[in-house]
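Worksheet: the structure to be examined is printed underneath.
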Amino acid sequence: MPSEAPFKKLKLIYEDIDRLVVEGDELIEETIDAKTQKAIIAQVNEEYDLSFKDTEAKRATWLSRLQLFNNQRRDTSAVGDPLMFTIFMTVIAALYDDKLMVSFQGREEGDQDVEENLNALAEYDYDLMGMDEINYDWIWDTAFFGRGLLLMNDFDRSKGYMAPVPEVIDPTTWIRDSRASSVNGKGAMRFGGYETGATYHELKKLTGYFNLASLKKGDEINSILKKTREERSSAQGRQDSTRTEESLGKYNNYEFNILNWFTTIKGERYSVGLGNSRSTLVRLVPLKFGKLWPIIDRTLYPMAHDWDGVSIPDVTEDKQRARAVFLNLGMAAAKADVLVRFLFDRTRIKNKNDLNLKQNKYIPVDGPVNDAIAPVQKSGSYQYANAIMDALDQAAQRATATPEIQMGVPADQQRTLGELNLVSSKTDTRYSMSAKIFGWSEKALWRQWYRGYKTYFKDGIDEKIIRIQGVLGPEWRPLAKENIISNVDPDVKVESRVVSEAKRMRELQSFDSWAAMAMQEPTSNRRYIIKKGAKLRGLKKEEIDMALPPTIDELQAEDENKLLNAGKLPPVKVEDDHLVHIYVHSKADQNAQTMAHIWGHKRAMITKRDTPELYPPPAAPGIEMPGAPKIPQTPSAMATQ
C-alpha cells in the first residue's frame, strides 16, 4: 500500500494547485510552477486562435442548419418543408439498424481462449457502456456534420463497471488544426479540442484537475459552447437561460466553461484543460496511447484529403429551402383561387354594397347585364411549382440513394417487381458502402477499447466478472488480465450485420450441396460436417455442444492440451482416435512438446496401417474376440443378463 506521507508534506499555496502522480505503488509529489503554466497556456491559445478562425464559418453554417432541421420559431402562417428531416432520418435509420458486428482474432497459436474471452467481454461491455445510445448520437453527428467524434480516454475502475468510458463530442463545439484531414493516421491533426461545461464538484471527481479554486464566475469571451446552446434553444423554441446561470453559487451547481485541448508539449502528447476564458490551467494529463489521439472520427461520405467530406444537409438544405418557397407560394395561390377578386363597371353598378354576397340578392344595373362584372384574370405560372418541387425531391433522393420506397412510401408510378428489386439492390449497395466506411471507425473504437484494458487493467489485482448467456441459462465468468491480453495484440474484424448475413446464406447454400456429397464418403468426418452446417445456420457453440456432446477423445485431447501448454509431454495411447487428437492439439501452443506429441499420433497411425494384425477391430457387444482378455463381470452386470 502506498504511504500517506506525501499528503502530509503538501504545502498548498492555492487550493489543488499540487498534483499527486502515482508511479507503481509510490506516490510522487509533482508541482507545476507558474512559469510552466504560463508557457502551456500561451501555446494552447496560439493553437486555439488559429483553429477558431479557420472553423468559425463552418460552425455558423451548422448552427443555421439546426434551425432549418427543426425550426420551432418560424412564422406560424408559413409552412416548412421536411425534406431534410425525411431523408436524414431514413439514412440514419438504415445505418443504425445495420449493427456492425465486431470480433477479435488472435495472431498466435494458443490465443483461442483469449480470443473467445475478448469476444464475450466486448459483447458484455457493449451494453455496459451504453453503446446503443452512443452509436445513435455518433451516427447522427456523422450524418449531419459530415464527421462524428467519439472520445475514449478514461477508464472507470469503479465496482460493477470496470470498463472504458466513451463520450460523443459535439461537433459544433469542436475546433481543430486547419491542416488536418483526420484525427489519426494520414493527415492527422496536430492539435484540437472542444468546450464543455461542468460544476466545481464534477471537476473534482475527474482525473487530473487542479487549481479549481482559481475558477471565476462570469461570461466567457467568445464561448463556442454558449453560442451553440443559444442557437439550439432558439431552434427548439426555448427561452435562453444562460444569463440566469450567474445566480447559482460557485461551489454549488454553477457551471464553468472548460476548454479541453489535445496537443503536444515537448514531444509528449497531453490533454490540457483551461478555464477563465482560457487564462487558467486546470488540467494537464499525459496521454497513454502512444502516437494516437484518444478520439475516433467517423465519416459518412468522405472526400480524399479533406476533413469535412459531404453531409446530408450539404445536398438537401438548398432543395428544402426552395421547396418551402414554392410550397408557400402554392398555398397563397390556392387562397387566391378561393377568395376570387372581381372587376365591375362603376357607371352601371352605382352602389358598392350591392356587391356584398347574400343569398337571393338582386343587384340593379343600368343597361345590359353583360360585362357588368368579371373575375380578375390570374397568372397560371404557379402551376409549375409541383413539377419544380418534384424535381428538387428527386435530386435529393438521388444524391443520398434514398428513394421513396426506402422511406416506406409507395412509388408514384406503377413499377414492376423486377424494377423495384433493382432499385432496392442498388440502394443497398450505396448503404453497404456507408456501412463499410463506418467499419473503419468501428475497428478503431474497439482497438482503443482493447488498449484501455491493456493500459489500465492491473495484472494480478483487477478482476472482472461478466455474464454470458449459455444454453442452460446465464453463466458467470471471472476474467483477469492474462485472460484478455495476449502477447501480440489481436486483429479486430468488423462486418456489417446485413452483409454478414448475406455472406453466411451464400456459404450455407454452397456448403449444403457439398456436404450432401461428402457425407456419402465412408471416411469423411461426419461430426465436423454436421457442426460446420450448424455454425453456418447461426447456432452458438454451446448449442452445438449440447446437440453433439464432445467425444471422450475430444475431452481427453483438451486435457492433454493443458499439459502441452505447460511444457509437459503426455503419452500417446494405442486406443486414441489419432485424427481427433491431432485436430484438437492444433489449438494448443505450438511448442516442442506439442509438435512431438502430434508427431507421435502420426507415427501411431502409420504403424497401425503397416501392422494391422496388432490392432484387432473392436468387438461388437456380446461377442468375444479370439485372444481378447477376459473382463470380469460385476454382480450388477450379471444381474442384467
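The values are calculated or read from the model by the stated rules, or taken from the named source; none is laboratory data. Computed from a predicted model, the values in this text were never measured in an experiment. Here the Cβ is made from the backbone with ideal geometry for all residues, glycine too, and neighbour counts use every protein chain on show. Just so you know, the surface numbers come from the protein's heavy atoms only, side chains and all, with ligands and any DNA or RNA stripped out. Shrake-Rupley method; radii C 1.70, N 1.55, O 1.52, S 1.80 Å.
Observations on the model:
- Segment 36-95, accessible surface, carbon-and-sulfur percent (1.4 angstrom probe): 55 percent
- The amide H of THR280, built 1.01 Å from its N in the peptide plane, has GLY275 as neighbours under 5 Å, considering only residues 5 or more places off or on other chains.
- Where segment 549-600 is the region considered: accessible area per residue in Å², 1.4 Å probe: 59 Å²
- Diagonalising the gyration tensor over the Cα atoms of segment 501-558 and scaling each eigenvalue by 5 before taking the square root yields semi-axes of 22, 17, 7 Å, largest first.
- Length gained when the stretch GLU230-ASP156 is fully extended (0.36 nm per residue, less Cα-Cα span): 23.4 nm
- The 3J(HN,Hα) values that the Karplus relation (6.51, -1.76, 1.60; θ = phi - 60°) gives for segment 198-205 are, in residue order, 7, 7, 4, 6, 5, 5, 4, 7 Hz. Gly and Pro appear as x.
- Amide H partners (placed H, <5 Å) of THR263, local residues excluded: TYR270, VAL272
- When nucleic acids and ligands are ignored and a 1.4 Å probe is applied, VAL114 ends up with an accessible area of around 20 Å².
- Magnitude of the charge dipole for segment 242-358, about its Cα centre and with charges confined to Cβ atoms of Lys, Arg (+1) and Asp, Glu (-1), is about 540 debye.
- Available extension along the chain between LYS541 and THR611 is 21.3 nm, counting 0.36 nm per residue and deducting the alpha carbon span.
- A straight Cα-to-Cα reach below 25 Å connects LYS573 with the lysines LYS562, LYS587, LYS602, LYS608, LYS630, residues fewer than 8 places away in its own chain not being considered.
- For ASN153, distant residues with modelled amide H under 5 Å away: VAL165
- Set of lysines near LYS464 by C-alpha distance (under 16 Å), chain-local residues within fewer than 8 positions excluded: LYS159, LYS454, LYS481
- Against the criterion of solvent-accessible heavy-atom surface with a 1.4 angstrom probe, GLU560, GLU56 sort, most first, into GLU56, GLU560.
- Among the listed pairs LYS266/LYS288; LYS53/LYS436; LYS186/LYS493, those beyond 23 Å (Cα-Cα): LYS53/LYS436
- For LYS587, the accessible area of its heavy atoms, probed at 1.4 Å with every protein chain present, is near 100 square angstrom.
- Ligands, DNA and RNA are left out, and with a 1.4 angstrom probe the accessible area of segment 117-264 is 44 Å² per residue.
- Solvent-accessible surface (1.4 angstrom probe) belonging to ILE139, in square angstrom, nearest 10: 10 Å²
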